[in-house]
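> First the structure, which I've put down as C-alpha cells, then a few questions once you've had a look.
None of the figures in this text is laboratory data; all of them are computed from the coordinates on show. Predicted, not measured: the structure shown is a model, and the values here were computed from it. When we count neighbours, we look across all protein chains shown, and the Cβ atoms used for this are built from the backbone with ideal geometry, even at glycine.
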Amino acid sequence: MQAADAVAPVWAAWSKAVAGNKGRLWRYGIWAALIVLTLILVIVSPSFRTPFNLTNILQQNSMLGIVACGMLVMMISGGFDLSVGAVGATASVVAAWASGHAPLAAAIVAGLAVGLVVGAVNGILIAKGGINAFMTTFAMASVVTGLLFAGTNAAPVTGNAPALITLALGRAGQVPYAFIAYIAVAAVTWFLLSRTKWGHYVYSIGGNREASYLSGVPVVTTQFAAFVFGGLCAAFGGLLLLGQSGIGQPSSATDWPLTAIAICVIGGVPLSGGEGRLHGTIAATLLLGVITDGLNLLNVSAYIQPTVTGAVILIAVAVDKISRRRAPGR
C-alpha cells in the first residue's frame, strides 16, 4: 500500500500534465513512457534513485545505444543488419590482438576496419546485388562468427588497451565517458539524417525505392553507405566491449542484433523503412535500460523478467503507435 500511496501523487500530476499538453505528448509518447516509469522507480526503490545507479544505467546502455544508431540508419533505408553482433565481437577480438602487437591507435583502426569491411560487403550484396537484407546479414553473421571461432579456437584474447578501458568505464565527474561517446555518435547520426542530402536520400529510398530511383536518387550508393555506417557503429560498440572487459571474447554480443532492432522499433521505426527519428531511438535505449535495472533492484525473478520486459515493450510500442496517429499533422 505504501508504494501505491507514493505513486498516486505522481499519477495525479501526470494526468494533469496530459490534459494540458496533449499535442506534445502524442508526438513524444515514448519519452512520456520513459519519464513515468523512471518516476515510479525513483519513488518505490531507494537504490534506483542513487546517483551511482542512475549514471550506471547511462554507462551500461551506451554501447547498445551506439549500435542502435547504426541500426536506425539501416532500417530507415529499408534494411537491417543481423551481423552487428558478429561485427562487435570480431572488432573486440581484432583490437585486443592488435593492441598487444602495435600501438593502440593502430588497434582501434583495425577494430573499426572490421565494421567497415563487413558493412561494405553487406551494402554491396544488398544495395547492388538486390539480395534480401535478412538472408544477407544472417549469412554474413555466420561467416564472420565461423572465421572468428576458427581463428581463435573460441578462446578469449587479452588486450592491452588502457585508453579503451578508461573510455568504457571512466567518468567525467558523474557523467560516464561511454555516455559522452554515445551522445557524440548520436549527434553525428542526427546531423547525417537531418542536415545532409544523403540523409534525405536514406528516408526516400526507405519509403519507396523504385520511385526514388526514377527521381534520380543514387539508391545503390546511399544504401551502401547506410550499411557501412551501421558496420562502423557496431565495430565502435565492439571497442567499448573490449574496454569493459579487457578481453576480446568471440562468443560475446550475440544479443545485439535483435536488441538493436527492438530498440529502433520501440522508438518508432517501422520494419518497412522510410520513417524514424533519432530521439525515439535514444528514448527506447534508455527505456530498456531502466526496465532491466528496475527489475533487478526490485528483486524480480530472473525467470519472470523476460515476461515483464516483453509486456512493457508491447505497451510502449502500442502507446507510440497511438501517439503517432494522434499527433498533429498526421
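> Using DSSP to define loop residues, name the trypsin sites (Lys or Arg not before Pro) in the range 145-234 whose beta-carbon has at most 11 other beta-carbon atoms within 10 Å.
Listed in order of number, the matching sites are 195.
> Moving on to the next point. What helices in the chain pass both tests, a Cα length along the helix axis of 24 Å or more and a mean Kyte hydropathy of -0.5 or higher, using whole DSSP H runs?
Flagged H segments are 2-20, 51-76, 104-123, 133-152, 177-194, 219-245, 278-297, 305-326.
> Treating only the Cβ of Lys, Arg, Asp and Glu as charged (+1, +1, -1, -1), what charge dipole size does the range 50-317 show about its Cα centre? Round to the nearest 20 debye.
Numbers: 6 positive and 5 negative charges, 75 e Å.
Computed charge dipole of the range 50-317: roughly 360 debye.
> Right, another one. Subtract the Cα-Cα distance of residue 105 and residue 301 from 0.36 nm times their separation in residues, and report this length gain in nm to one decimal.
66.3 nm
> Mean separation of Cα pairs under 8 Å and 6+ residues apart, divided by the residue count of the chain: what relative contact order is that in percent?
On the way: 562 pairs, mean separation 110.7, N = 330.
Relative contact order here is 34 percent.
> Here's a follow-up. At q = 0.12, 0.15 Å⁻¹, what is the base-10 log of I(q)/I(0) for the range 173-247 according to the Debye formula with one equal point scatterer per Cα and no solvent? Please give it to two decimals.
After summing over all Cα pairs, the log10 values are -0.46, -0.63.
> Within the range 264-325, which trypsin sites (Lys or Arg not before Pro) sit in a loop by DSSP and count at most 11 neighbouring Cβ atoms inside 10 Å?
Loop-located and lightly packed - none at all.
> Same structure, new question: Once both labels are modelled 7 Å past Cα along the beta-carbon direction, what's the residue 171-residue 318 spacing in nm?
The answer from the label model is 3.7 nm.
> To continue, here is another question. Skipping prolines and chain starts, which residues have an amide H placed within reach, meaning under 5 Å, of the one on residue 171, given they are 5 or more residues away or on another chain?
Hits under the 5 Å cutoff: 177.
> List every residue whose amide H lies under 5 Å from the amide H of residue 248, counting only residues 5 or more places away in sequence or on a different chain, with H placed 1.01 Å from N in the peptide plane.
Placed amide hydrogens put 157, 158, 159 under 5 Å from residue 248.
> Viscosity 0.890 mPa s, temperature 25 °C: give me the Stokes-Einstein translational D for the range 50-317 in µm²/s, with Rh taken as the Kirkwood radius over C-alpha pairs.
Numbers: Rh = 18.7 Å.
Stokes-Einstein gives a translational diffusion coefficient of 131 µm²/s.
> Also, quick follow-up: Mean projection of the alpha-carbon convex hull of the range 20-127 over all orientations, in nm²?
In nm², the orientation-averaged hull projection of the range 20-127 is 10.7.
> Rounded to the nearest 500, what is the chain's calculated 222 nm mean residue ellipticity when only DSSP H runs of at least 4 contribute -39500 (n - 2.57) each, over all residues? Walk me through the numbers on the way to the answer.
Values: 15 runs with 246 residues, N = 330.
Mean residue ellipticity, 222 nm, calculated: -25000 deg cm²/dmol.
> Once you place label points 7 Å from the Cα toward the Cβ at residue 279 and residue 214, how far apart are they in nm?
So the label points at residue 279 and residue 214 sit 3.5 nm apart.
> Hey, with R₀ at 22 Å, roughly what FRET efficiency would residue 188 and residue 56 work out to, going by the Cβ-Cβ distance, to 0.05?
0.30
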